[in-house]
Amino acid sequence: MTTTATTETPNYDGAFDAIVVGAGLAGSAAALTMAREGLDVIMLERGPAPGTKNVFGGVLYTPTVRALTEFDSAPLERFVAGKRFSVLSDEGDETAISMRPDAWREDPHNDSFTVLRGDFDKWFADQAVSAGATLITETTVTGLVRDGGRIVGVETDRPDGTLRAPVVVLAEGANSLVTEGASLKPRPEREDVAVSAKEVRKFDTSVIEDRFRLADDAGAAYTYFGDGAVPGAVGGGFIYTNKRTVSIGVVYRIADVAAGITPEQALNRFKSHPAVAPLVRGGTLVEYSAHAIPEGGADAMPDLVHDGAVVIGDAAGLVLNSGVHLEGTNMAVESGHLAGLAIARAADDHRSDREALARYPEWLEESFVVENLRRYGWFQDAVAADRDFLFGDLPTALAGAEAEFFRVDRGSKQAHTAAARRQLLDAAGGWMGAAKRAWRFRRMLS
Ligand SMILES: Cc1cc2nc3c(=O)[nH]c(=O)nc-3n(C[C@H](O)[C@H](O)[C@H](O)COP(=O)(O)OP(=O)(O)OC[C@H]3O[C@@H](n4cnc5c(N)ncnc54)[C@H](O)[C@@H]3O)c2cc1C
């Protein structure tokens, strides 16, 4: 068995304890864990190298990666030293909350780092290879092999590309064609999927540090909501700083594409908002991508274990998007790790049936992954139900209230304050409307 990355295809049929489909974050975490537990593991990745096909914002959340690896050697861009959340109106207003807690400057930097997936995923997959896993790139899994009802291997696009093993780990990400094709999960509802467009622009480091008020390895994560960010949709925009590049993107529900705007048009519109344009103008475009994000939460999770297979990461819908939190990387790694451990424990008993693999969903249920997905399960629907107010009326009303409250003229502060309050209450539907909304969203703070 080889322990180095290779694109050759010796006959591996039946030579491994587990096949991992996809060398993304979830797949590499599973392979690394299983290899450490003494299993023979093969990872199949369709890209020429791990990370080349992967799209993300992105801030990588690293508690589990740190626990599993020699983290000091990880290829990180910047730690997130500051966050800013803005609402943008269609008319060009911005209202923002900005934070730079001193604690984030200290190691471990709140375990939040910008990374380039082309670098990071390759490094993470190498950790699995160093632990004994085999990585085959440029190999697309095209389907599953069954024996009766049981999954016993995969078909690939290689000549003689059938591989059999006791367990298949489905870690193919949000666009999970193999998992869906084998009827292991239904096609997601349109309401449960977001679409994103992102570009990466290269700037001089000094330009990035000046525009975002950064020094050394510190970075910034800016998130934007409102019709000024993405019109007529539940979604928003983001800007993340890397060392020499800036990632700029929009994310919104596929169901809202009917708002009549393509992801590319939405991105261009976001970049031209007066609050955004000065931060992103100039530079050189080095990457453009579009991708899906599962957002159905815990209720949309498919069955995670089958006879001979487990589903992990985005393929299992494990992404938290609560507006202020967009976390999928930590959930992908944690799910891969827990699945890897569960497969190893089942292998101790020479088993890989659904019942023997059930420790994986049990452990996931007890982990931060499902707990956090459940905590915000109500959120997407509540936001969608109040979209016109939250994304349309509120950003405009906030800007109007600010203008009134801080108005400088020969009038009284009392009159200015009353005018500001009126702006907000009119938008919210009076005191009753404001109270109903406060009640609806109280769980954000509970
Ligand atoms: C625009 C955008 C912004 C995001 N921002 C953030 C963020 O800031 N922070 C955060 O935590 N999360 C973010 N996410 C979510 C995060 O990217 C995902 O949750 C995470 O990448 C999931 O990891 P994964 O390993 O499950 O899937 P992926 O990272 O998608 O990896 C899947 C792998 O499988 C391979 N593959 C797929 N099909 C096959 C096949 N048939 N055969 C062989 N190989 C295959 C792919 O090439 C890929 O390498 C963002 C997502 C998007 C789209």
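A few remarks follow.
- Violating pairs (Cα-Cα greater than 22 angstrom) within the set LYS83/LYS436; LYS122/LYS243; LYS53/LYS202; LYS83/LYS198; LYS243/LYS271; LYS53/LYS83: LYS83/LYS436; LYS53/LYS83
- Anisotropy class of region 123-205 from Cα gyration tensor, a/c 1.5 cut: oblate
- Overall shape of the chain was characterised from the C-alpha gyration tensor. The equivalent ellipsoid obtained from it has semi-axes of 43, 24, 19 Å, in decreasing order.
- Pairwise Cα inverse-distance average, inverted: Kirkwood Rh of region 190-294 (Å): 14.0
- Within the chain, antiparallel bridges make up roughly 70 percent of the DSSP beta bridges whose residues both belong there.
- Overall form of region 38-123 per C-alpha gyration tensor (a/c, 1.5; a/b vs b/c): oblate
- Relative contact order (percent, whole number), the chain, Cα cutoff 8 Å, 6+ residue spacing: 19
- Farthest towards the positive end of the charge dipole of the chain, among the residues PRO395, VAL145, GLY38, is the Cα of PRO395, using unit charges on the Cβ of Lys, Arg, Asp and Glu.
- Among the GluC sites (Glu not before Pro) found in region 344-438, those both in a DSSP coil and sparsely packed, with 10 or fewer other Cβ atoms within 10 Å of their Cβ, are GLU355.
- HIS325 versus THR142: modelled label distance in nm, points set 7 Å from Cα along the beta carbon direction: 4.1
- Summarising the overall dimensions of region 380-444 from its C-alpha atoms, the Rg and Dmax are 13.6, 45 angstrom.
- Less than 5 angstrom separates the built amide H of GLY235 from those of GLY226, all sequence-distant by 5 or more or on a different chain.
- GNM result for the chain, Cα springs below 10 Å: residue of ILE97, ILE248, ILE19 fluctuating most strongly: ILE97
- Per-residue ellipticity at 222 nm computed for the chain from its helices equals -9000 deg cm²/dmol, with DSSP H segments shorter than 4 residues left out and the rest contributing -39,500 (n - 2.57).
- Part-to-part distance (alpha-carbon centres) for region 153-176 and region 214-259, which is given in Å: 34
- Compactness of region 289-446 as Cα Rg over 2.2 N^0.38 Å, two decimals: 1.55
Throughout, read-outs are computed from the coordinates displayed, never taken from laboratory work. Note that this is a predicted model, so its numbers are computed, not measured. Quick reminder, even Gly has a Cβ in these numbers, built from the backbone with ideal geometry, and neighbours come from all protein chains shown.
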